[in-house]
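Working notes for the structure below.
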Amino acid sequence: MSKLYAFYFNLPETIGGINFQAILLGLVISVGVSLAAGLGASKRVTAIHPAESMHPEPPRRAGKMIFEYLPWLWRRLDPVWKMSLRTINRKRGRFLITLVGVIFAVGLLVMSLFSNDSIDYLIQKHFYQEQHYDLFVRFTVPVKESETLNISRLDGVIKTEPLLEIPVKMHFNGRSEDELLQGLPAYLTLKKLIGDNEKHLKLPEEGILISQRTASKLGARVGDRVEVETLLGLGPTRRTGIKIMGINRQLVGSGSYIEINQANRLLEESGLVSGAMLKVDPGKVKLVEEELNEMTGVSSISSLQKELDNLNQNMDSMIYTISILIAFAVLLGFAIVYNSSVINFAERKRELASLRVTGFTTREVFGLLFKETLLQSLLGVFLGLPFGQMMTEWYVRALSTDLFTMQVVVYPRTYLFSAVGGIFFIMAAHLFTVKGVRQLDLVDVLKEKD
């Protein structure tokens, strides 16, 4: 996976991608859990006196189940369902451990598949709903707004909106945070500012729309005043108190916003701009970009379409990552259910053979084992889906950075695929186990002594 990331994101070959701390932690957890399970089982076995171990195991005590206290339900269950429920009641510990394994496996499926939903949400929101420009131009140094007239006159340019970017340090209650402050025009149309709950934010004439990430780090809220220290490098640094009028949320990038005239006042300037957003005729984007490259004073040109194309191309690497996680989830679920089913079948060979001798068909014995597996699968999937949502939230908190924020977005189809995947590996493990019923030698099994 490290090599795949290095290939798709053009990382240096010197980066090995080996995190020895993660490897050690994984090793300690794996060995620790295995030893705990082995020692726990061995302790119970060695606690048995040798003389007692030579006798058949006495029947387990079986009191009333919870369903037996509901006569209206218990009377409606057929004998096979009652046998399945009583078997689960006798093996509650094994059932719970297997159930936990199924919950984790289904949760891992949800966490594996959510990435596609989150990236799709990010693309729709950032590239199609929040950004309406085609080209983003930055100048080498801030210039007067009148200089942008040369750009707006280019053939193919439909609309031009200036901006002023100022690197700043924000101070609040003894905390400070570096931030990029963007001054935008009051008539802003080429960029949509979004707040909590997908609410559209209007750029205030006075005050600041602070980024959600910066507000969280500073502990600031709407109505507070933050000290803004300019770090542009042109002239002396200046500190100004600005009231927070709103908190904006960005999925890609970071920055806080104020009205462009107010941004100029922070610098004690007038009419300065450091870049512009351009809306261009779709058929002339390449031509306009070439003309901009020939202009002096233009330091960089960003194309929204190229950014989207690059993101889609890099998302190819996610296919491999998701495939690996799905494979691990299916193998985990299959191994847990199969292991439990094999032990259960081995312990109940005599019981199952007795049922066959007393008149139960092979299909009916299959049905008995299937009902026990079905309860595990339905309950495990039902609890695994919300657990997967929780795992996804933990994963997103660890993954989000200052330049990239993933949203916990899980589409209904992901829950459906995860549920189907969970049922699939449970049924596969069940079928691998119950095929032994056909191979039972009834005479030999019934002759065996416990």
So I have (1) 88, 52, 44; (2) 64, 64, 38; (3) 100, 54, 51, and one of them is Cα extents along the principal axes in Å calculated from this model. Which one is it?
(3)
Members of LYS169/LYS306; LYS43/LYS349; LYS349/LYS371; LYS192/LYS243; LYS169/LYS284; LYS217/LYS243 lying beyond 28 Å, as alpha-carbon distances in this model show:
LYS169/LYS306; LYS169/LYS284
Please rank VAL45, VAL222, VAL157, fewest neighbouring Cβ atoms within 10 Å first, as an exposure proxy.
VAL45, VAL222, VAL157
What full-extension length gain, to one decimal in nm, is calculated for THR361 and VAL31 as 0.36 nm per residue of separation minus the Cα-Cα distance?
114.5 nm
Note: ARG265 to SER354 extended length (0.36 nm per residue) minus current alpha-carbon separation gives 23.0 nm
In the range 274-307, which residues have a backbone nitrogen under 17 Å from the label point lying 7 Å from ASP155's Cα in the Cα-to-Cβ direction?
280-295
Length added when fully stretched, THR240-GLU393, from 0.36 nm per residue minus Cα-Cα:
51.4 nm
Excluding residues fewer than 8 places away in the same chain, name every one of the aspartates and glutamates whose C-alpha is closer than 13 Å to that of LYS279.
ASP134, ASP155, GLU161, GLU289
Ranked packing of 357-364, 278-285, most packed first, by mean Cβ within 10 Å:
278-285, 357-364
Total charge dipole magnitude, the range 157-280, about the Cα centre, Cβ charges on Lys, Arg, Asp, Glu only, Debye to nearest 20
300 debye
Dipole of the range 39-151 (Lys/Arg Cβ +1, Asp/Glu Cβ -1, origin at the Cα centre): which of ASN150, ALA51, TRP72 lies farthest to the positive side?
ALA51
Taking the Cβ-Cβ separation of ASP78 and ILE48 as r and a Förster radius of 41 Å, what is the calculated FRET efficiency to the nearest 0.05?
0.65
How do TRP72, TRP394, TRP81 line up, fewest other C-beta atoms within 10 Å first?
TRP72, TRP394, TRP81
Span-like helices, the chain: DSSP H, alpha-carbon axial extent 18 Å or more, mean Kyte-Doolittle 1.0 or greater, which ones?
20-46, 92-122, 316-347
Calculate for the chain the 222 nm mean residue ellipticity that helices alone would give, adding -39,500 (n - 2.57) per DSSP H run of length 4 or more and normalising by residue count, nearest 500 deg cm²/dmol.
-17000 deg cm²/dmol
Cα lying deepest toward the dipole's positive end in the chain, options LEU85, ILE260, LEU378, charges on Cβ:
LEU85
Round to the nearest 0.05 the FRET efficiency obtained for PHE424 and ARG221 when R0 = 51 Å and r is the Cβ-Cβ distance.
0.60
Applied in sequence order to the range 139-145, the curve 6.51 cos²θ - 1.76 cosθ + 1.60 (Karplus, θ = phi - 60°) yields integer Hz couplings, x standing for Gly and Pro, of 9, 5, 9, x, 10, 5, 4
Most exposed to least, judged by fewest other Cβ atoms within 10 Å, ILE210, ILE123, ILE103 sort to ILE123, ILE103, ILE210
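Since every read-out is calculated from the coordinates, none of them should be taken as a lab result. Note that the coordinates shown come from a computational prediction; the quantities given were computed from them, not determined experimentally. Heads up, the Cβs are rebuilt from the backbone with ideal geometry, glycines too, and the neighbour counts pull from every protein chain shown.
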